[in-house]
Amino acid sequence: MKIKSAEIVISAVSPKQYPHDNLPEFALVGRSNVGKSSTINTLLNRKSLARVSQSPGKTRTINFYLINKEFYLVDLPGYGYAKVSKDDRAAWGKIIETYLTSRQNLKEVVLLVDVRHEPSADDVMMYDWIKHFGFGKIVIATKLDKINRSQYAKHFKMIRQKLNMEPDDKLLPISSLKRLGMEDIWDSLKGLLEHQEVIGEIRPIDEDEATE
Ligand code: GTP
Ligand code: MG
């Protein structure tokens, strides 16, 4: 995917702040620290457009990134951080639920899991839930650089089984650190965009954007 432009449009706390332009949207969900923001940065070839967590579990906003003025990548707050209070957890649930149940232009919700570990009970619950809404055709396994090549097949199988993925659901292994697997993500997202009308003007690439 050629990234001609990428910008954060809003860090939203309430639905009123969500973008109103009705462009197609892809959301990333997963536990805190799994690598959602890093994946967005790597996909976009930016070092720090999406803030990589200093303090996990603190993100309470839904961050909308507009790409090529054509579609959005959406970074949702992570779950499963142990030190979060019960009230904060409830607030998190409300934010996610409101977003996922009300967003008409949402094309796919991509679950991210850490390739090293068996998906947690929260991951399984989240995956069941997004499947219920007709999403979850793509799962990303992050931090591939952390396991040995000889372990790949075993870990992919473990993730597919634990999440109860269907054979035609895609499991895409990636590493933001080593920049592996990014084109596979773009190919999958492009497939979902295919029949979309392209709305809006596309600005030319900046010199420094192109070289970043
Ligand atoms: P929250 O915003 O808390 O939900 O976390 P997040 O899912 O956005 O995770 P984030 O991208 O902030 O990454 C968490 C940590 O994992 C950071 O220290 C990253 O540097 C590290 N990390 C992310 N991707 C990779 C990867 O592919 N390989 C390795 N080795 N580390 C990674
Ligand atoms: Mg993040």
(message) I'd like to compare 32-38, 131-137: which one has the highest average count of other Cβ atoms within 10 Å, and what's the full order after that?
(response) 32-38, 131-137
(message) Please compute the modelled spin-label separation between residue 4 and residue 21, points set 7 Å along Cα→Cβ, answer in nm with one decimal.
(response) 1.2
(request) Might you tell me the accessible area per residue for the chain, computed with a 1.4 Å probe and given in Å²? (result) 54
(message) Below 8 Å, C-alpha to C-alpha, sequence gap of six or more: please give me the relative contact order for the chain in percent.
(response) 25
(request) Putting +1 on Lys and Arg Cβ atoms and -1 on Asp and Glu Cβ atoms, find which of 172, 125, 99 reaches farthest to the positive end of the dipole of the chain. (result) 125
(request) Using DSSP, restrict attention to beta bridges with both residues in the chain and report what percent are antiparallel, rounded to the nearest 5. (result) 40
(request) Among 6, 29, 81, flag the residue with its Cα farthest along the positive direction of the charge dipole of the chain, charges on Cβ as +1 for Lys/Arg and -1 for Asp/Glu. (result) 81
(request) Order these peptides, 105-118, 88-101, 146-159, by their mean beta-carbon neighbour count within 10 angstrom, highest first. (result) 105-118, 88-101, 146-159
(request) Mind checking which lysines have their Cα closer than 22 Å to the Cα of residue 137? Skip sequence neighbours fewer than 8 apart in that chain. (result) 36, 107, 154, 157, 162, 170, 190
(message) Quick check for me: using +1 on Lys/Arg Cβ and -1 on Asp/Glu Cβ, what's the dipole size of the chain about its Cα centre, in debye to the nearest 20?
(response) 880
(request) Using a 1.4 angstrom probe on heavy atoms only, work out the carbon and sulfur share of the accessible area of the stretch 2-210 in %. (result) 50
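For the chain, what is the mean residue ellipticity at 222 nm derived from helices alone (per DSSP H run of n ≥ 4: -39500 (n - 2.57); sum divided by total residues; nearest 500 deg cm²/dmol)?
-9500 deg cm²/dmol, from helical runs alone.
The values are calculated or read from the model by the stated rules, or taken from the named source; none is laboratory data. Note that this is a predicted model, so its numbers are computed, not measured. Here Cβ is always computed from backbone atoms with ideal geometry, including for glycine, and neighbour counts include all displayed protein chains. Each accessible area value is taken on the protein alone, full model and side chains, heavy atoms only, with ligands, DNA and RNA left out. Shrake-Rupley method; radii C 1.70, N 1.55, O 1.52, S 1.80 Å.
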